[in-house]
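Working notes, beginning with the structure itself.
Just so you know, all these numbers are worked out from the coordinates, no wet-lab data involved. Fair warning: this is a prediction, and the values are worked out from it, not measured in the lab. Here the Cβ positions follow ideal geometry from the backbone for every residue, glycine too, while neighbour counts run over all protein chains shown.
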Amino acid sequence: MLSFFSLADRQLSLFPENLLHSVELEYGDDAKERVTRWRDIVSEYQNDSEKEKLYTVNRFFNQLRFVDDNQVWGQKDYWATPVEFLGKNAGDCEDFSIAKYFTLTALGVPKEKLRLMYVQALSIKQAHMVLAYFETPDAMPLLLDNLNKRILPANLRRDLKPVYSFNGDGLWAAKAQGRGKKLRNTGHGMWENMLVRIEQGK
């Protein structure tokens, strides 16, 4: 498993030296400005509290457009890296959650406190992904979502039914309010492919 979680590794992996030039060539000036702002957030908010980091990151990414993968990538399902997501200025629920996950880990939030959670969104009757933050292992998680842009405890999100969650360390079966039993190390192919693209500066 690739590692992004020491400060030096996080900075090198997310922000290689030629990143802004590559983004400008691939996506244009507006995308370069978005990626510059993202880089600045990771630099400027290192010393904020974890809660402040959650709100800053959630607010920043929820400005982007919610568009399905077919329209953005011409594929049924594609997990974009944060750079790809910012480059396109659009993505689906996985892209919002993944970008928030990697940005928060780059800000020093331990990955053990974060899980990408698949849920059933009852209001729209479809699968959906949110990012869950656990202040302690047994805490009620806070959910960062692009549909409901308020950060709320999972027990107040009656419109979401947990299915499973994972991060770089493993996969969890869903239980009440997003807590669950760890099943195994993650082997999600799309997750692995996305990590490789991040390592390549994409």
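Tell me, ILE198, ILE98, ILE151 in order of fewest to most beta-carbon neighbours within 10 Å?
Sorted ascending by nearby Cβ count, the order is ILE151, ILE198, ILE98.
Rounded to two decimals, what is the ratio between the C-alpha radius of gyration of the range 46-129 and 2.2 N^0.38 Å?
Rg over 2.2 N^0.38 Å, computed on Cα atoms: 1.13.
Loop-only GluC sites (Glu not before Pro) in the range 85-157, please: DSSP not H, G, I, E or B, and at most 13 other Cβ atoms within 10 Å.
Here the GluC sites (Glu not before Pro) that fit, given the DSSP loop and packing criteria, are GLU135.
Can you tell me the length gained on complete extension of the stretch HIS21 to LYS111, counting 0.36 nm per residue apart and subtracting the Cα distance?
Stretched out fully, the HIS21 to LYS111 stretch lengthens by 29.5 nm.
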